[in-house]
Amino acid sequence: MQSLFFTLGIGMHQLLYDLRYAIRQLRNAPGFSLVAILTLALGIGANTAIASAVYAVLMRSLPFADAGRLVLIKETHPQAGVVSAGFRDVVDWRAQSTSFQSIAAYSDVHQGYAQVEIGGLVYPLKSAMVSAELFPTLGIRPQLGSEFLPAADMDSGMHVAMISHRFWESRFANDPAVIGSSIQINGQNFTLIGVMPAGKQYPLTTDLWLPLAQMDPSERNSRQYHATDVVGRLRDGVSLSQANRELSTIADRLAQSYPATNRSVGVHITPLRDALVGQLRPTLLALFAAVALVLFIACANIANLLLVRASKRKREIAVRTALGATRARLLRQFLAESLVLSVLGSLAGVVLASMSMPVLNYGLSHIADGQFVLTEPIAVNLPVLAFTALLAVLTGVLFSCLPALQFSPALNDDLRDGQRSVASGRNTLRNVLAAAELALAVVVLFSAALLLRSFQKLLAVDPGFRTDHLLSVKIDLPANIYSKPEQVESFSTRLQEQAEHIPGVTSAAITNALPLTPSRSMTRFAVQGAPPPAAGTFPVTQIRTVSPSYFRTLGIALQAGRMFEQKDVDDQVGTFIVNQAFARRYLTDRDPVGSKILMNVLTTQPSAVPVIGVVANAKDLGVDAETKPVVYTAGYPNGQILLIRTELDPTTVVPSVRQVVSSLDRNLGVSEVKTMDGVLSDSLARPRLSSLLLGFFALLSVGLAALGVYGVLAFAARQRVREIGIRMALGARRSQVMRLFLQEGAILVGAGVVIGIVAGLAVGRLLSAILFDVAPADPVSAAFSLFLLTLIGLGAVCIPALRATRVDPVEVLRAE
């Protein structure tokens, strides 16, 4: 035992000696140490920051019990794609499926707000109707109170509600006595039975939960309405593919039993995590790959610096070897120096990453995706710090091994007085590392150029209407109070009229869906006079309800026919205006104006609605989405968006709009107050964030690569001072010396750029999922990357070449 402690003591003493010596050596070379630490800090800091975002979004556990077995279930429609499920289909899934421990339904497809009155004040709360199984399926228990009872799924007379922790905290001051109290929701008394725990709720943006029985009866009882989303918990041992096969079999049976509504309707199952953050995965992984390349470039740069430093210390190493130092002993010393550099660089990198957290949180919080919400802010945490520590150790070990390649067995040569040129073979590793840096920089730069080109194309997209000076306000009229169309119309027309009298307002309009976002309202139809489709194969189109002033307020141009008038709102049959996409797809063989669209096609008496006009296409599904056919109908919905065109800053009229709504109905509040410029900006948040970050990483990688090339050639020039002096003494001109170094540098740069662009073209294919209207092998991006890297690389070559031409042959020969 004593010998063991003695051995450990000796080992610790030697380790401390190596570390003290390493620190002394690095302190004696402050320039080298500062550059190395800063380079590592940039590489490791970028990796730590993006790793924090990847962990927070893609890896951190969802706030639900055993979240890996939770799935989101939707239906697929041949014309509409992936849609919410029909409630009657969900009932059949529950009855016939054996793959799930539980299946829970909820409905928030209308993105509605309930008007909640507390203490005389009205709060519009985002609401969802949920089945009693939802919270047990997720493994969530209320922080206060109880869950919904199964009876609440069927009994619409059970007026009970649950609220979010944030609303309980902000409006009830964390008072536990609220449980059992009565609150007014849409003018009706409800008993508050539960408060959700902080950070554990679903849907994530909801503040009020009502029983599923509060759904619209038509949406509960008819298979043609797809208004229900479903969360399922897989049984132990059941895979996603097994569950998908079983539900697909059930869907086939339903298609045979109900061909009018279920023919060709399938099932789409995704893990709940993928459903919530799946759209962010390609962007985050692309950024993570980019910062990994940046780190490789930084490592190559440090390796080159250490190789140069080892070359300068050849005589020191030779002396220590002659005095008996073994190769293992020297390697341990290099390891100590490398670990000190790695640790200092990693610590500085963590500081830089921590400083970038507010930027990442701000960027992700502005991504326009109703499903995505960060349950906790992005932060540098223990798993990420462990990842950073692993990077530090790996880079330290790598850096310590590379200088060992410089060890020379020829002690006499190394100890001989004077500085002999190192053989060209000794420079091969440094040249390879410099070329690799350039190649990796080209990959990052080409990827950034692709994303920037894609973002540029998005910015150039015409949304089809004017977004400037346009304000949107959401107002939800409770269906139990505004139950008749004439009530909704009376309120809406007065709202529009009074809004237009607000100073600075030029026009106002009402619609059921915010522009640039899906309407969440689809309808089956047929064209009168066209061959009738088979049962279950009717085409489906998006339908938007708009007031007569809608197209004028937004600035959507009329292409044919006429605009809506007030008489179209009162028309019992109704009228339609279609966009150009609809006319081109379904009305190409006839004059669109005057054509009739058959509605209620699943009934025995469909109604024929005339088309009175065709308008220009508007990007209703987002600027990056293909324009789809749209049918506009004149009217006023219960869940409405008030659009106001102003002469000045639209936010200045917000207080007046609130006052107008309150004067018409004091029990109504407004929500989602936005400018359309802001909506457009938010719709571009994801490509903007990825473009800016990748552009920054590209500039960083290009700078590091240029520094690496400069370092290699500058060291080569210093090594060849004697050769240059002799050449010039024998008559070589400065231009010839310059050309010699430029040729060697051009070969180095050319090799790195060519290899990099080939690799970049391959990487471009992996980025195709997040590109808009840009080919993965975009020639403009490739040419830009080639030009910039070649220019910067040759610039890095020219400086050492110019220095080489300033060698004084007389001084060199005198030194000989």
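The values are calculated or read from the model by the stated rules, or taken from the named source; none is laboratory data. These figures come from a predicted structure and were not determined experimentally. Note that we place each Cβ from the backbone using ideal geometry, even for glycine, and neighbour counts take in every protein chain shown. When the accessible area is computed, the model is the full protein with side chains, heavy atoms only, and any ligands, DNA or RNA have been set aside. Shrake-Rupley method; radii C 1.70, N 1.55, O 1.52, S 1.80 Å.
From the Kirkwood radius over Cα pairs of region 161-256, Stokes-Einstein at 10 °C and 1.306 mPa s returns a whole-number translational diffusion coefficient of 95 µm²/s. If R0 is 56 Å, the Cβ-Cβ spacing of Leu121 and Leu791 corresponds to a FRET efficiency of close to 0.35.
For His268, the residues whose amide H sits under 5 Å from its own are Lys74, Glu75, Thr76, ignoring neighbours fewer than 5 places away on the same chain, with H placed 1.01 Å from N. Along region 462-478 the Karplus relation, 6.51 cos²θ - 1.76 cosθ + 1.60 evaluated at θ = phi - 60°, assigns HN-Hα couplings of 7, x, x, 7, 7, 8, 6, 6, 10, 10, 10, 9, 8, 9, 10, 8, x Hz to successive residues, with x for each Gly and Pro.
The residues packed around Val527, meaning those with a beta-carbon under 14 Å from its beta-carbon, carry a net charge of +3 if Lys and Arg are +1 and Asp and Glu are -1. Other residues whose C-beta falls under 14 angstrom from the C-beta of Leu149 contribute a net charge of -4, scoring Lys and Arg +1 and Asp and Glu -1. Evaluated with a Cβ-only charge set (Lys, Arg +1; Asp, Glu -1), region 512-657 carries a dipole of roughly 280 debye about its Cα centre, given to the nearest 20. Straight Cα distances below 21 angstrom link Lys596 to the lysines Lys567, Lys628, with same-chain residues fewer than 8 positions distant left out. Within the shell defined by Cβ-Cβ distances under 14 Å, the residues around Ala243 carry a net charge of +4, with Lys and Arg each +1 and Asp and Glu each -1. Applying the Karplus relation 6.51 cos²θ - 1.76 cosθ + 1.60 with θ = phi - 60° to region 76-89 yields 3J(HN,Hα) values of 10, 10, x, 9, 9, x, 7, 10, 5, 8, x, 4, 5, 5 Hz, where x marks Gly and Pro. Taking 0.692 mPa s as the viscosity and 37 °C as the temperature, the Stokes-Einstein diffusion coefficient of region 540-598 based on its alpha-carbon Kirkwood radius rounds to 260 µm²/s. A simple rule links phi to the HN-Hα coupling: the Karplus curve 6.51 cos²θ - 1.76 cosθ + 1.60 with θ = phi - 60°, which for region 637-645 gives x, 5, x, 10, 10, 8, 10, 10, 8 Hz, with x for Gly and Pro. Taking the Kirkwood radius as Rh and the Cα radius of gyration as Rg, region 73-168 has a ratio of Rg/Rh equal to 1.01. Calculated on C-alpha atoms, the gyration radius of region 193-240 divided by its Kirkwood radius gives an Rg/Rh of 1.06.
DSSP bridge analysis restricted to region 540-686 gives an antiparallel fraction near 55%, rounded to the nearest 5. The GluC sites (Glu not before Pro) found in region 596-678 that occupy coil by DSSP, while having at most 12 further C-beta atoms within 10 Å, are Glu626, Glu647. The accessible area of Ser768, taken with all protein chains in place and a 1.4 Å probe, comes to roughly 60 Å². Take the Cα of Ser146, go 7 Å toward its beta carbon, and the backbone nitrogen atoms of region 179-213 under 18 Å from that spot belong to 179-183, 190-197, 209-213.
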